[in-house]
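See structure below.
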Amino acid sequence: MGKRRKKRALRPITAPFTVAAPAGARIRDRLRLSAADAEVLTLVGSHLGRHQRADLAERVAIGQVPVKRNQRAERKKALTAVSSSRWAGAMTRASEDQYQLSLRCLYDEAAGLRRAIGTIERRLAVPCQKRVGRVRGYADQNERFHKQRRLLALKTRLAAVEARIASGRPAIAAGGRRLLKARHNLADAQLTEAQWRRRWEASRLFLTADGESAAPFGNYTITVDPHDGTVSLVLPEPLRHLANAPRGRYRLTCTVRFSHRREEWLDRVTANRAVRYDIAHDPARGRWYLDASWSTDKTVLPTPEEIRASGTRMLSVDLNADHLAATVLDEYGNPVGEPVTIPLELTGPTGRRDGRLRAAITRLTVLAHEHGCAGIVIENLGFDDARATGRETMGRGRHGKRFRRTVAGIPTARFRERLRGMAYHQGLIVIAVDPAYTSIWGEKYWKTPLQQQTRTTVTRHHGAAVAIGRRGLGHRVRRRPGVTAPDQRIGQRRATGQTAPLPRPRGTTSPPRTAGTPHQGDKTRPRRGDQLVLFPDLEDRSRGHQALTGPVYGDLANTGQLPQERSHHLPGA
């Protein structure tokens, strides 16, 4: 008798949690500038951008120090002489935010490199074509040799990252590293040198003004009048000769309206609450935009336990590379209606991909409202560990390469953030669950029952959506045994994993039935004639001309008298 294999233990599954509400809001409107306005904004943005980059370089040279020692006051005083006090405050704040973000990116890169190094070292410790526990060795010596070379390369990268962290001087490319690298590959980027130059200069403009409470309309540096939509900004000290308004300000000839979330913006600016403004230039389209952003009050959302106790429906969603699989679940985890597939095509430019993603999320919110759902349940996907280790955990060869490309193409972070904001403004709660085994168990336990109760094509992703929703509602993914037995009369299988028992008070029984008590129809009888009815439908052609075997009550039904010729059919006659 062969040796029994040890049962593989399941990894622990974390509890579901409610995704926090958005901490702020951001809206955009187009600035239809004249040629003179565009020239002035370009001069101001270039002037401020040059000094902001110099301040960022000075901040990087200071290194990783406590906040009190970052010399912000001294740097702001030096910038005030070439701009203004408020512009200087915005520039120093942007430099500090960029520096801290770069440090966090270095820490994340180091953590990913350590994970990849640890995975390769564990596999190198196992002989080729062998397995020790859950770790298997490489297929042959050739692959093992290449992995040893890759291990040395990863250790070299990790040493460089740790050196930058120790020195506190991250590498920052003002304008974007991707656009910077495109300069050396203009043919691949489908850009000419002039087009690249315009994009590079536009990305390095600095036209950001922080909001101020109690300032006119929430911002003194860039002010938008809510009454007529006029926009004006404070000019830096060396450019004050370009002013066309009092107190060294320049007023644009165009106006803005902010159609999206206009009421929220009006509530803030009319109360002189802080609103931040950013002016951006898109040279590819030749357009200028004005963005308004502000922080919102913290909202306390209900927990998954509170949502489950309320007894409402939820919409569960399985995110895939090319579509969204959605299923509506009731409070007991039972699928309601037919599963839905929403196409998700994420090709083309960034704006087009983002628009298609928002359109798919809009369909989800509409579907949730149509079925009376309180929220949406999704997987808490990240793929950070898998992407860092690459082929070590996500397969190798042609199939593994295709799978890794599919995973890399799933916009998990952007989908989560878009869904959180759009669902919150539609009054929906978003619950994130652990994705462990949802696809496997969903296909095993839910794909066949779902297919038996619907005419549409059901995939394993719809089963995974049911598993995700049940986990978010606090039910086990596997269905309770004994509930889904086939029905003997209609030959269909019920896809219910939970039942809703109707409680009955203890000590009570049904009242005794007598011959004069009409049957309520809550139990199945062998024949239709066995059920007592007061007024049978003699015109029912569906049952033909069958002879009635039970008593027939006619005009004497309300008098309590029985026909004598039929009295022998009653019990006790």
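Where does each of 172-183, 269-280 land if you order them by average Cβ count within 10 Å, highest first? Mind showing how you got there, number by number?
Details: 172-183: 14.1, 269-280: 18.3.
The densest-packed peptide leads the list: 269-280, 172-183.
With a ≥ b ≥ c taken as the square roots of the eigenvalues of the C-alpha gyration tensor of the range 188-269, please select rounded if a/c is under 1.5 and otherwise prolate if a/b is larger than b/c or oblate if it is not?
Values: a/c = 2.41, a/b = 1.49, b/c = 1.62.
Since a/c reaches 1.5 but b/c is at least a/b, the shape of the range 188-269 is classed as oblate.
Suppose R0 equals 45 Å; then what is the FRET efficiency for residue 188 and residue 230 from their Cβ-Cβ distance, rounded to the nearest 0.05?
Details: r = 44 Å, r/R0 = 0.97.
My answer for the efficiency is 0.55.
Using alpha carbons only, what's the Rg to Rh ratio of the range 46-91 with Rh from Kirkwood?
Reported Rg/Rh, Kirkwood definition of Rh: 0.97.
Please work out whether the range 147-189 counts as rounded, prolate or oblate from its C-alpha gyration tensor, where a ≥ b ≥ c are the square roots of the eigenvalues and a/c under 1.5 means rounded, while otherwise a/b larger than b/c means prolate and anything else oblate? Intermediate values should be presented prior to the final figure.
Numbers: a/c = 5.64, a/b = 1.39, b/c = 4.06.
It comes out oblate by the Cα gyration axes.
Spin-label point model (7 Å from Cα, Cβ direction): what's the residue 23 to residue 244 distance in nm?
With each label placed 7 Å out from Cα toward Cβ, I get 3.9 nm.
Any chance you could run the full-extension gain for residue 43 through residue 139? It's 0.36 nm times the residue separation minus the Cα-Cα distance, nm to one decimal.
Working: separation 96, 0.36 × 96 = 34.56 nm, distance 6.12 nm.
Full-extension gain reported as 28.4 nm.
Based on alpha-carbon atoms only, what is the radius of gyration of the range 129-241 relative to the globular estimate 2.2 N^0.38 Å?
Values: Rg = 26.1 Å, N = 113, 2.2 N^0.38 = 13.3 Å.
So the range 129-241 has a normalised radius of gyration of 1.97.
Which values of log₁₀ I(q)/I(0), to two decimal places, follow from the Debye formula for the range 410-471 at q = 0.15, 0.21 Å⁻¹ with a uniform point scatterer at every Cα?
-0.58, -0.88
Short version: what are the Cα gyration tensor semi-axes of the range 18-295, square root of 5 times each eigenvalue, largest first, in whole Å?
Details: eigenvalues 423, 90, 86 Å².
Ellipsoid half-lengths, sorted descending, are 46, 21, 21 Å.
Would you mind computing the Rg to Rh ratio of the range 1-129 from its alpha-carbon coordinates, Kirkwood style for Rh? Show your work: numbers first, answer last.
Working: Rg = 25.9 Å, Rh = 20.7 Å.
Across the range 1-129, the Cα-based Rg/Rh ratio is 1.25.
Taking a cut-off of 13 Å, what percent of all Cα-Cα pairs in the range 4-67 are separated by more than that? Walk me through the numbers before you get to the answer.
Details: 1662 of 2016 pairs.
Counting every Cα pair in the range 4-67, those more than 13 Å apart make up 82 percent.
Taking every eigenvalue of the Cα gyration tensor of the range 56-209, multiplying by 5 and rooting it, what semi-axes result, largest first, whole Å? Spell out each step's value before the answer.
Numbers: eigenvalues 369, 107, 21 Å².
Each semi-axis is √(5λ); the values are 43, 23, 10 Å.
Which value in nm describes the separation of the simple spin-label points at residue 160 and residue 85, placed 7 Å from the Cα toward the beta carbon?
Placing both labels 7 Å beyond Cα along the Cβ direction yields 4.5 nm.
Would you mind giving the three semi-axes, in whole Å and largest first, of the ellipsoid equivalent to the range 196-333 according to its Cα gyration tensor? Each step should come with its number before you reach the end.
Numbers: eigenvalues 359, 100, 31 Å².
Three semi-axes, in Å: 42, 22, 12.
Assign one of three labels to the range 283-354, namely rounded, prolate or oblate, based on the Cα gyration tensor with a ≥ b ≥ c the square roots of its eigenvalues; rounded applies when a/c is under 1.5, prolate when it is not and a/b is larger than b/c, and oblate otherwise. Kindly include the intermediate steps, with their values, before the conclusion.
Working: a/c = 4.70, a/b = 1.49, b/c = 3.17.
Oblate shape, in that a/c is at least 1.5 and b/c is the bigger or equal ratio.
Would you mind getting me the FRET efficiency between residue 272 and residue 108? Use the beta-carbon distance for r and R0 = 51 Å, nearest 0.05. Walk me through the intermediate numbers first.
Details: r = 39 Å, r/R0 = 0.77.
FRET efficiency, residue 272 to residue 108: 0.85.
Fewest to most neighbouring Cβ within 10 Å: what's the order for 134, 86? Write down the numbers at each step before the final one.
Working: 134 8, 86 18.
So the ranking, lowest neighbour count to highest, is 134, 86.
Each value in this text was obtained by applying a stated rule to the coordinates, not by laboratory testing. Worth saying up front: this structure is predicted, and the values here are computed from it rather than measured. Neighbour counts run over all protein chains shown; Cβ positions are idealised from the backbone, glycine included.
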